[in-house]
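Participant: Have a look at the structure that comes next, please.
The values are calculated or read from the model by the stated rules, or taken from the named source; none is laboratory data. Bear in mind the structure is a predicted one, so any value in this text is a computation, not a measurement. Cβ coordinates were reconstructed from backbone atoms using ideal geometry, including for glycine residues, and neighbour counts include every protein chain displayed.
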Amino acid sequence: MEKYRQWETDTQYRALIDDLLATPEVQHLADFTQHHSGTRLEHSIRVSYTSYLIAKKLHLNVRATARAGLLHDLFYYDWRVTKFDLGTHAYVHPRIALHNAEHLTDLNKVERDIIIKHMWGATLALPRYAESYIVSLVDDYAAVAEFAHPYRQKLLKLIED
């Protein structure tokens with residue numbers, strides 16, 4: 001099984017996120033393209049599951065990591081088109097995601113910190129928890145991998161031909 005699909009059969013992980021995954025609000029993320037080669041839902045699951053695995057290995061708060069990782073991009077606009085007067089997408093969308101997540105489920109302080117600070121590096125606010133750093137770094141890695149995927153595929157096809 002491909003690594004990015006392992007989440008589907010990981011019963012411990014699924015027990016943490018299935019209630020969120022079943023909501024129309026989270027499912028609606030499938031309607032938005034994220035980093036050119038997938039949906040926002042696929043990206044959110046990838047960030048959530050990879051972060052969960054790291055948190056599990058480090059004996060950290062896996063529940064907060066998995067759930068906030070899934071909700072970190074809970075916004076419903078095309079970030080390439082929609083612009084805000086209040087600041088950049090990197091600044092605005094974590095606040096929108098936090099607002100939407102708070103209306104979807106009860107969040108603890110770690111989950112709030114993960115969501116609001118997942119753009120650390122592009123924004124100035126330092127994460128307060130190890131789990132927040134994990135989600136932020138995994139999100140960056142996933143974004144680069146997702147953006148590069150189509151170009152990688154084209155390069156591999158050129159090499160094969």
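Participant: Restricting the search to region 15-39, which residues are in a helix (DSSP H, G or I), aliphatic (A, V, I, L, M), without any contact (Cβ under 8 Å) to a residue 24 or more places away in the chain and within 21 Å of His103 (Cβ to Cβ)?
Facilitator: Filtering region 15-39 for residues in a helix (DSSP H, G or I) gives 15-21, 24-31.
Filter again for aliphatic (A, V, I, L, M), leaving 15-17, 20-21, 26, 29-30.
Add one more test, that the residue is without any contact (Cβ under 8 Å) to a residue 24 or more places away in the chain, and what stays is 15, 30.
Hit for region 15-39 is Ala30, nothing else.
Participant: Further question on the same structure: Could you give every pair whose Cβ atoms fall below 6 Å, whose first residue belongs to region 131-154 and is surrounded by 14 or more Cβ atoms within 10 Å (Cβ to Cβ), and whose second residue is polar (S, T, N, Q) and modelled with pLDDT of 80 or more, counting only separations of at least 6 or pairs across chains?
Facilitator: Within 6 Å, the pairs are Glu131/Asn61; Glu131/Thr65; Ile134/Ser51; Val135/Ser51; Val138/Thr50; Val138/Ser51.
Participant: For residues that are outside any helix (DSSP H, G or I) and either over 11 Å from the mean Cα position of the chain (by Cα) or aromatic (Phe, Trp, Tyr) (or both), tally how many sit in region 40-74.
Facilitator: Total meeting the criteria: 4.
Participant: Report whether or not Thr65 is more than 23 Å from Ile96 (Cα to Cα) and modelled with pLDDT of 95 or more.
Facilitator: No: the conditions fail for Thr65.
Participant: On the basis of being more than 17 Å from Asp73 (Cα to Cα) and either surrounded by 20 or more Cβ atoms within 10 Å (Cβ to Cβ) or of a type in the set (Phe, Trp, Tyr) (or both), does Tyr49 make the cut?
Facilitator: no
Participant: Among the listed residues Asp78, Asp106, which satisfies the condition of being exposed (fewer than 13 other Cβ atoms within 10 Å of the Cβ), at pLDDT 95 or above, of a type in the set (D, E, K, R) and on the phi < 0 side of the Ramachandran plot? Talk me through it step by step, then tell me what you get.
Facilitator: Details: Asp78 fails: at pLDDT 95 or above.
The unique qualifying residue is Asp106.
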